[in-house]
Amino acid sequence: RWPSLLKYYSQADSVSWLEEYKARHNAGLEAQRIVASFSKRFFSEHVPCDGFSDIESLGCPSHFFEDELMCILNMEGRKGLTWKYYAKKILYFLRQQNILKNLKEYLQRPTDRQSFLEGAVLIDQYCNPLSDICLKSVQAQVDDIADKVRQVLRTKNPRHPSLASKAEEVLIPEVELQRQVLDAMNCVLYEQLKYKGNELDYYNSLNSYIHQVLIRRTGIPISLSVLYLTIARQLGVKLEPVNFPSHFLLRWCQGKEGSTDIFDYTYIDAFGKGKQLTVKECEYLIGHHVTEEFYGVVTSKEVLQRMVGNLLNLGKRESTDQSYQLLRDSLDLYLAMYPDNVQHLMLQARLYFHLGIWPEKVLDILQHIQALDPSQHGTARYLVQHTLEHIERRKEEVGPEVKLRADEKHKEVCFSVGLIMKHKRYGYNCVIYGWDPTCMMGHEWIRNMNVHSLPHGPHQPFYNVLVEDGSCRYAAQEKLEYISEPREIPHPDIGRYFSEFTGIHYLPNTELEIRYPEDLELTRATVQKIYSSGKQ
């Protein structure tokens, strides 16, 4: 019934399968109950930070609960979109909480037990909690590369000590034997397997995720360095990470172990096909002189800090993701490592404030900031004031506004919720999830969007639409038209508003239908009229 659960059992276990079946069955019912409740509870707002509190105190095994969520996500067909939407949110939260716990445990270990690869996997898992990423699988792929390196070494030096043992702790003392390992690594990674630095798409977040580096065989300096260092250490060569500005490097000791002289090291550029550099060549690489401190070795925590910092910068750059998920995830990771960093705490508070989500958490963050740094009192006080106003407005909100077609002021509204449309000017495909009889945006938005230049200006119906690129927009009626061949709109919030895609239009879920009770009938009549003959 649930084959994915087999991994939690051993053949040696004495198991009461009837009791396990009952527990899994009950966990499934509980998961379905909670998922079904989310749409009603959180339709009109982001799931609050305490929205998952009833999940955290589950009375059933968490892997049973997660398994039911995966069953919901994997339901075939175009139905159950709202269930899938909230099941995904809950699963995202549960897995991230578990990964964060594992990261904190990792950071508590002695530094010699903090594997660089494991740290990279934890970051990858946190930013991609719904992907099947595990250290065991990633390590197996790295082991496979190391075995290929041994094969090359065997043809060059059949007696090489790296061939005798797979134990990472057996380090090779002779520099020439180490050089043979690095030469074989470069041959396998860059010539046979065609790994390379991703110069053409450098700012793609996939370059930072170790499982994607292994799949796509490309990355940025730090991710390729983690891979290179891990393989080298498995083969008995101790390389160390160097937090070089603008271009992460590794260093290889040519003199006395532990030397503080930067000229006793050769520097390795994993992004540049394993090229070995002198101090002067490192400076040529970035185009300017740097002080000796930048050639020093860094800890695993500092490596993770730089990896997360890269993701933070990418999260700030992203323009299409209006939920800022990457920025939120990377801030969580950074603050897990440095919980009292005022700059990043303030960024997190501002982000939640900007998105209009989790006002109670914003207040907690601002209180923490003021305790850490009283000089932030002015900025924090401004945000506190506006956050409290947000909370008060939310308390004053009455039930949902119901928009009836029979209302005289709605007579000019031509399109209805669930219709798939095309924008005449920009060419994007979208689905309507709401409408207003006239433009309801403020004067500044109307001016910035040059709405008055439209023939009907702001005095025409405007539609809330989910766009195929993942954005949400507010479009004028005169700029929308029916699409000749409707297709699904791949938007992350589609399940928040719709329960099913019929192949021609979307069916609103219960909460959306409450707000637009007459639109579904009009949508069905519209698609029947337009698409029944197969032609627009």
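Distances between placed amide hydrogens fall under 5 Å for residue 43 paired with no residue 5 or more residues away or on another chain. Taking amide H as placed 1.01 Å from N in the peptide plane, the amide H of residue 251 sits under 5 Å from that of 240, 242, 268, each at least 5 places away or on another chain. Counting only aspartates and glutamates at least 8 places from residue 256 when in the same chain, those with an alpha carbon closer than 13 Å to its own are 174, 264. Need the C-alpha centroid separation for the stretch 493-533 versus the stretch 237-264, integer Å. So the separation of the two Cα centres works out to 62 Å. Looking at the stretch 135-303, the accessible area is 49 square angstrom per residue; that uses a 1.4 Å probe and ignores ligands, DNA and RNA. Counting Lys +1, Arg +1, Asp -1, Glu -1, what net charge surrounds residue 264 among other residues with beta carbon under 13 Å of its beta carbon? So the surrounding residues net to -2. The sum of -39500 (n - 2.57) across all DSSP H runs of n ≥ 4, divided by the residue count of the chain, sets its helix-only mean residue ellipticity at 222 nm to -15000 deg cm²/dmol. Taking a span of 18 Å or more along the helix axis (Cα atoms) and a mean Kyte-Doolittle hydropathy of at least -1.0 as the rule, the DSSP H helices of the chain that qualify are 17-42, 81-108, 135-156, 221-234, 300-317, 325-337, 342-355, 359-372.
Would you mind classifying the stretch 5-108 by shape? Square roots of the alpha carbon gyration tensor eigenvalues, ordered a ≥ b ≥ c; an a/c under 1.5 is rounded, otherwise it is prolate if a/b is larger than b/c and oblate if not. The shape class here is oblate. For the stretch 444-532, the set of trypsin sites (Lys or Arg not before Pro) satisfying both a DSSP loop assignment and a count of at most 12 other C-beta atoms within 10 Å is given as 487. Note on the chain: with neighbouring protein chains present and a 1.4 Å probe, carbon and sulfur make up 50 percent of its accessible heavy-atom surface.
The values are calculated or read from the model by the stated rules, or taken from the named source; none is laboratory data. Just so it is clear, the structure is predicted and the values come from calculations on it, not from any experiment. Because the Cβ atoms are built from the backbone with ideal geometry, glycine has one as well, and the counts that use them run over all protein chains shown. All accessible areas refer to the heavy atoms of the entire protein, side chains included, with ligands and DNA or RNA removed. Shrake-Rupley method; radii C 1.70, N 1.55, O 1.52, S 1.80 Å.
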